[in-house]
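Input: a single structure, listed below in structure tokens.
The values are calculated or read from the model by the stated rules, or taken from the named source; none is laboratory data. Just so it is clear, the structure is predicted and the values come from calculations on it, not from any experiment. With ideal geometry, Cβ positions are generated from the backbone for all residues, glycine too; neighbour counts draw on all protein chains shown. To get the accessible areas, we keep the full protein, side chains included, count just its heavy atoms, and leave off ligands, DNA and RNA. Shrake-Rupley method; radii C 1.70, N 1.55, O 1.52, S 1.80 Å.
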Amino acid sequence: MEKKSFTSRWAFIIACVGSAVGMANVWGFPYKVGTNGGGAFLLIYLFFVAIFSYVGLSAEYAIGRRAKTGTLGSYEFAFNTRGLGKIGKIVGWIPLAGSMCIAIGYAVIIAYVLKALFQAVTGSLMSVDTNTWFESFALSSYSVVPFHFIVVAGTLFTLFFGAKSIEKTNKIMMPLFFILFFILAIRVAMFDGAFEGYKFIFKGDWAKLGDPMVWVAAMGQAFFSLSITGSGMIVYGAYLSKQEDVVDSAKKTAIFDTIAALVAALVMIPAVFAYKMDPAAGPGLLFVTLPKILQDMPGGQIFAIILFTAVIFGGISSLQNMFEAVAESIMHKFPNIKRAPMLIALCVICFGIGVNMEAISSWGPWMDFVSIYIIPIGAVIGAVSWFWIIKKDEIMDEINMGAAKKQGDLWYSIGRYVYVPMALTLCIIALSKQISF
């Protein structure tokens, strides 16, 4: 089994940013900002990002590095410190199942994006009725099979050498993701009417600060944008050197993830306002609204290629993390399984299940179920495990390993008495109100 570490802190951070940056940034964050109070939502969102990255994200990095393995082994290690290893062996499967289930549905969405990129390259996307075009595959079964297979098999191929290949591919994809979106943001800024979009994003409706559901929406967006699901970030922590500062690495991951979300918003929302379209269109924003805008603008084909390439980079880097969390855990649990057979098995499972839910009527409910039930429960299990189950000296020793500034009771207390209740609150709201964050 490949167990090599990332070669540097920045290589690790780039890989973690790749995991965090995804569809939540591209179509979730932009319209949530505007529909929840603009600057008021941003302020609340940044507050939660600061807390969650400081304690939650750094704890997941630390436990992975402490246990020297990913999801399953880390939960067993944490519970073993209390003599409860048998329970740890069981509960770790829940957040790990979340990673796999999300990967299955996520791969379908990236297949949609790859289809859009292919038709942008050929030019056929520039002359279709975008609504009819989107419905032609979004409402049909087995509509993106070749693109779907390329996404699944191609992503798994990038995991062949473990941390080494994750690092190399993200060193290419993540800088290009930011560069391409910055190019688009500059172009969109030239649109007549773009200023209204900026107002929509940044103008503060401060009355929203008193709306509990705005706080919940911001908390949910922050929680899942950082990929603190009790699974994925643990495996990357397992590949982190003992000399690196996990709290500082978590802060940098949060900063770049937030920049990615803001840049996506600065592309999506001003463009939508310039063309007087709906900023809260969900998947339709990426596959109907933006292609329509690109059709009408000079050089639209080139910018369509840039847009969908950037989104694919963000999507694949997230998918890498989900697959790696599952692969590493299974190989740790069953040491006789080699990486190549494991990746082939994941390809068969993910594609075999996902190919039967290529219509949005199938993958939509699937993703809602996973994000309402499995992911929030897994995240709570993780939060409780790191701040209530594992012995304090174990987690604190690892948090301070390689740290330039040592953390103490304040860090631990924020994790135990602020972060854990927030995770539990979000889970209860998701389950009781059937809210998919």
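Once the range 159-174 is narrowed to residues that are in a loop (DSSP other than H, G, I, E, B) and open to solvent by 30 Å² or more (accessible area, probe 1.4 Å), the residue that is modelled with the lowest pLDDT is F161. Here Y142 meets each of (1) closer than 24 Å to G354 by Cβ; (2) open to solvent by 20 Å² or more (accessible area, probe 1.4 Å); (3) outside any loop (DSSP other than H, G, I, E, B); (4) out of contact with any Ser or Thr (no Cβ under 9 Å at 6 or more places or on another chain) with one exception, condition (3).
Within the range 225-239, being open to solvent by less than 10 Å² (accessible area, probe 1.4 Å) and closer than 21 Å to S165 by Cα holds for S231, G232, M233, I234, V235, Y236, G237, Y239.
Does the range 385-395 contain any residue that is under 20 Å from T71 (Cα atoms) and without any contact (Cβ under 8 Å) to a residue 40 or more places away in the chain? The answer is yes, given that some residue of the range 385-395 is under 20 Å from T71 (Cα atoms) and without any contact (Cβ under 8 Å) to a residue 40 or more places away in the chain.
Filtering the range 387-412 to residues that are closer than 18 Å to D248 by Cα, in a helix (DSSP H, G or I) and not β-branched (V, I, T) leaves M396, D397, E398, D409, L410, W411, Y412.
When the residues of the range 24-35 are filtered to those that are open to solvent by 10 Å² or more (accessible area, probe 1.4 Å) and in contact with a Leu (Cβ under 9 Å, 6 or more places away or on another chain), the one that is farthest from I166 (Cα to Cα) is Y31. Within the range 215-224, does at least one residue satisfy the condition of being open to solvent by 30 Å² or more (accessible area, probe 1.4 Å) and either among the polar types (S, T, N, Q) or modelled with pLDDT of 90 or more (or both)? Yes; the residues of the range 215-224 include at least one that is open to solvent by 30 Å² or more (accessible area, probe 1.4 Å) and either among the polar types (S, T, N, Q) or modelled with pLDDT of 90 or more (or both). Quick one: is G39 in contact (Cβ under 8 Å) with a residue 24 or more places away in the chain, closer than 24 Å to G204 by Cβ and not β-branched (V, I, T)? The answer is yes for G39. Among the candidates I63, I13, the residue that is surrounded by 24 or more Cβ atoms within 10 Å (Cβ to Cβ), within 13 Å of V235 (Cβ to Cβ) and of a type in the set (A, V, I, L, M) is uniquely I63.
Filtered by the rule that a residue be of a type in the set (F, W, Y), surrounded by 20 or more Cβ atoms within 10 Å (Cβ to Cβ) and assigned to a helix (DSSP H, G or I), the range 413-437 gives a lone residue, Y419. When restricted to residues that are small (G, A, S) and either modelled with pLDDT under 90 or not in a helix (DSSP H, G or I) (or both), the range 288-313 contains 1. Evaluation of D368 against the conditions (1) open to solvent by 50 Å² or more (accessible area, probe 1.4 Å); (2) modelled with pLDDT of 95 or more; (3) under 15 Å from Y106 (Cα atoms) shows that the sole unmet condition is (2).
Candidates A62, A24: the one that is part of a helix (DSSP H, G or I) and either modelled with pLDDT under 85 or on the phi > 0 side of the Ramachandran plot (or both) is A24.
Among L125, L184, which is assigned to a helix (DSSP H, G or I), crowded, with 17+ Cβ neighbours inside 10 Å, at pLDDT 95 or above and aliphatic (A, V, I, L, M)? Step through it out loud before you land on a result.
Details: L184 fails: at pLDDT 95 or above.
After applying the criteria, what remains is L125.
Of all positions in the range 282-304, at least one carries a residue that is β-branched (V, I, T), without any contact (Cβ under 8 Å) to a residue 24 or more places away in the chain and open to solvent by 20 Å² or more (accessible area, probe 1.4 Å). Checked against the criterion of being within 30 Å of D397 (Cα to Cα) and touching a residue at least 24 places away in the same chain (Cβ under 8 Å), the range 100-119 has no qualifying residue. Every condition in (1) open to solvent by 10 Å² or more (accessible area, probe 1.4 Å); (2) in contact (Cβ under 8 Å) with a residue 60 or more places away in the chain is met by T69 except one, and the failing one is (1). The residues listed here are F178, F149; of these, the one that is closer than 23 Å to I344 by Cα and assigned to a helix (DSSP H, G or I) is F149.
Checking each residue of the range 81-90 against the condition of being modelled with pLDDT under 95, under 15 Å from the mean Cα position of the chain (by Cα) and more than 22 Å from V418 (Cβ to Cβ) gives no match. Condition test on D248, is it in contact with a helix residue (DSSP H, G or I) (Cβ under 9 Å, 6 or more places away or on another chain) and either open to solvent by less than 30 Å² (accessible area, probe 1.4 Å) or among the aromatic types (F, W, Y) (or both)? So D248 fails the test.
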